[in-house]
Amino acid sequence: MSGTYLGMPAFPEAAREAVADTTLRGNLRHATHTIRDKRARAVAELDDWAELREAGKRVKDHTLRHLDRYLVQLEEAVTAAGGTVHWAADADEANEIVARLVEETGESEVVKVKSMATQEIGLNEALEARGIHAYETDLAELIVQLGKDRPSHILVPAIHRNRGEIRDIFRSEMSEWGRPAPEGLTDTPAELAEAARLHLREKFLRAKVGISGANFMVAETGTLVVVESEGNGRMCLTLPETLISVVGIEKIVPTWRDLEVFLQTLPRSSTAERMNPYTSMWTGAGDGRAGEGDGPRTFHLVLLDNGRTDTLADEVGRQALRCIRCSACLNVCPVYERAGGHAYGSVYPGPIGAILSPQLRGTGSEIDASLPYASSLCGACYEVCPVAIDIPEVLVHLRERVVQGGPAVREGNRVVLKPAKGHAAERAAMRAARWAFTRPGALRTGQRLASRSRRLHPRTLPGPGRAWSGSRDLPPVPPEPFRDWWQRTHGGRDEAK
C-alpha cells in the first residue's frame, strides 16, 4: 500500500486533535446522520434484504476461494475483447505501468473517475512526479484536490467540508487548475455544482486519456462496471481515446447474474438510491468509428494485488475483501462520527479501514498497529454491512496479532510477526489472567481478597491502565464473590433436583 499516509501519529493522538475541532464534528454529525437515515428507509423497502445480504456474502466468499481461476478467466475475456491486461504486485509496479502507458500516448494530462485503488497506490503523486497532471472529476474529489486536502470518507471524500468552505476553495483555487470560479459565487449547492461543471467540461473535452477504477469485474465476459451519481464517470469512460482502469483483484464476480445482487445492495447502502443514476459497463475497447463502436479505442486493465493475496491467506481477516466500498459502516460508527476520516491515516477510513489497512500494509507502523483499536466494538458496522463482514470479529483478531504477534503472510511469504511495541503490560495482564483462570483455588482466593479490600480500591487505574479508566468508571467489586454468595444462599444445592 502507498506510504502517502504513513508517518502519521497513532489513531488515539490523531483522533484527540480531531475531536477538539467543533466545526469538523458538526459537519460529520450532520452528514453521517442524514446519509444513514436515508439508507435505513431505502433498505426497508426491500422485504428480501436479509436474503440479498446473504447472497452477496456467498458470492464474494465463493469468488475469493476460487480467485485464481476467475482472474485467469477475466484476463482471457478482456484480451479477447480487445483490451490489454497488466498485473501489478504492489503500488510501485502499478504506478510504473500506468505512467508508462500514459507517456506512450504522448499526453501529459489525464481525467480520472473516483477510484479508491488509485488513491491507495498514490497514483496522482506518482504521475505528477513524471510530469503528468491528473484531474479528479468527481465533485467531492475535486474539492479535495483543489483544497490540497486528503479524502476523509469512502463515498463522500469531502464530508468534512461545509458549503462555505467549498465556496472559498473554489474561489481561490479553481483558476490555478483551469477555468476560474464564476464571479460572485455563493455557497448554494446549485451554484457550486454549476461552477464545478463548467470547470470540468473543458477537461472532459480536451483529455485523450482517462483513468478509472471499477466497482465490479465480470469474469465470464471481461466486463467492467462503474456506478456513480454525477455523470462524470460516464464522460471519463467514453470520451478519451485511451482508458486505463486500475482495479483490485478482489473486485471480480463470476457471472453477469451475480451483478443482480450487488446492483441492488450497493446503491441503497451507499447513496440510499434504488439504483445509481449512472451505471456504466464496458467490455474491451471500441474501434472509435461513429456507429461502429463506443468508448475508448485502447483499453488497459491493471489488476492490483498490493497486499490482497496476503489478506486472503488469513482465514479470519480475508472477509474484509468482500467489501464493496458502500461506506455504510462509516455512517453508523460512533468513533468515525467524532474523529473523522483523517485520523485513520489511510484512504480507507472508518471501521472497514480499521481492518483493511492493517492487513494490506501490515501492522509494523504506529498508525497501523493502532487502527484495530479504533472501535468501541458496538457491532453497528456489522449490522449494516451489505455483505455481512463481521468487522468486530476481525478487529479482535487483529488486536491479538498486534499484542502477541504470531504467524502471518507478508509479500507472499509466511513470517512470524513480533508483538508491537507498547503492549507489554497488556500481555502480562493476559498471562496473569490465564494463569488465574486455569487454577480455581488461586482464582477463589484472589476474588475473596478483592472483595474484602474493596474500600481501598482506587477509582482509576495506575500506569498504563489510566488509558482505560480515564474515560470509564471502574466497576465496583461486590461484597463477596459469586461462588461464595451461591454457596451461602443455595448451600450448593442443584436447582434442577
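The values are calculated or read from the model by the stated rules, or taken from the named source; none is laboratory data. No experiment lies behind these values; they were computed from the predicted model shown. Heads up, the Cβs are rebuilt from the backbone with ideal geometry, glycines too, and the neighbour counts pull from every protein chain shown. Remember, those area values only see protein heavy atoms, side chains included, never the ligands or the DNA or RNA. Shrake-Rupley method; radii C 1.70, N 1.55, O 1.52, S 1.80 Å.
Here region 11-59 has 50 percent of its accessible surface on carbon and sulfur atoms, given a 1.4 Å probe and all protein chains in place. Around the amide H of VAL85, modelled in the peptide plane, lie the amide H atoms of LEU301, all under 5 Å away and 5 or more residues distant in sequence or on another chain. Our coupling estimate for region 397-411, obtained by passing each phi through the Karplus curve with A = 6.51, B = -1.76, C = 1.60 and θ = phi - 60°, is 4, 6, 4, 4, 5, 5, 6, 9, x, x, x, 7, 10, 10, 6 Hz, Gly and Pro reported as x.
At a Cβ-Cβ separation cutoff of 4.7 angstrom, cysteine residues of the chain with no neighbouring cysteine are CYS236, CYS323, CYS326, CYS333, CYS378, CYS385.
Straight-line reach from LYS421: taking Cα to Cα under 19 Å and skipping same-chain neighbours fewer than 8 places apart, the aspartates and glutamates in range are GLU13, GLU366, ASP368, GLU400.
Taking 30 Å as the limit for the C-alpha separation, the pairs LYS38/LYS114; LYS60/LYS114; LYS57/LYS148; LYS57/LYS203; LYS38/LYS60; LYS114/LYS418 exceed it in the case of LYS57/LYS148; LYS57/LYS203; LYS114/LYS418. Working note: Cα atoms of the chain, range along each principal axis, descending, whole Å: 91, 55, 46.
Of all beta bridges that DSSP places with both ends in the chain, some 35 percent have antiparallel geometry. Across region 425-430, rounded Karplus estimates of 3J(HN,Hα) from the backbone phi angles (6.51 cos²θ - 1.76 cosθ + 1.60, θ = phi - 60°) give 5, 5, 5, 5, 5, 5 Hz, Gly and Pro being marked x. Along region 470-479 the Karplus relation, 6.51 cos²θ - 1.76 cosθ + 1.60 evaluated at θ = phi - 60°, assigns HN-Hα couplings of x, 10, 9, 7, 5, x, x, 7, x, x Hz to successive residues, with x for each Gly and Pro. With axes computed from alpha carbons, what is the tilt in degrees of helix 22-44 against the longest principal axis of the chain, rounded to the nearest 10 within 0 to 90? Compared with the principal axis, the helix lies near 80 degrees.
At 0.36 nm per residue, minus the direct Cα-Cα distance, what do ARG130 and MET430 gain on full extension? Give it in nm, one decimal, please. Kindly include the intermediate steps, with their values, before the conclusion.
Working: separation 300, 0.36 × 300 = 108.00 nm, distance 5.10 nm.
Net length gain for the segment: 102.9 nm.
Full extension of the chain between LEU456 and GLU17 yields a length gain of 154.5 nm, computed as 0.36 nm times the residue separation minus the alpha carbon distance. Here region 366-419 and region 106-167 have alpha carbon centers that stand 28 Å from each other. Charged side chains reduced to their Cβ positions (Lys and Arg at +1, Asp and Glu at -1) give region 1-155 a dipole of some 800 debye around its Cα centre. Annotation: per residue accessible area for the chain equals 48 Å², rounded to a whole number [probe 1.4 Å, protein chains only].
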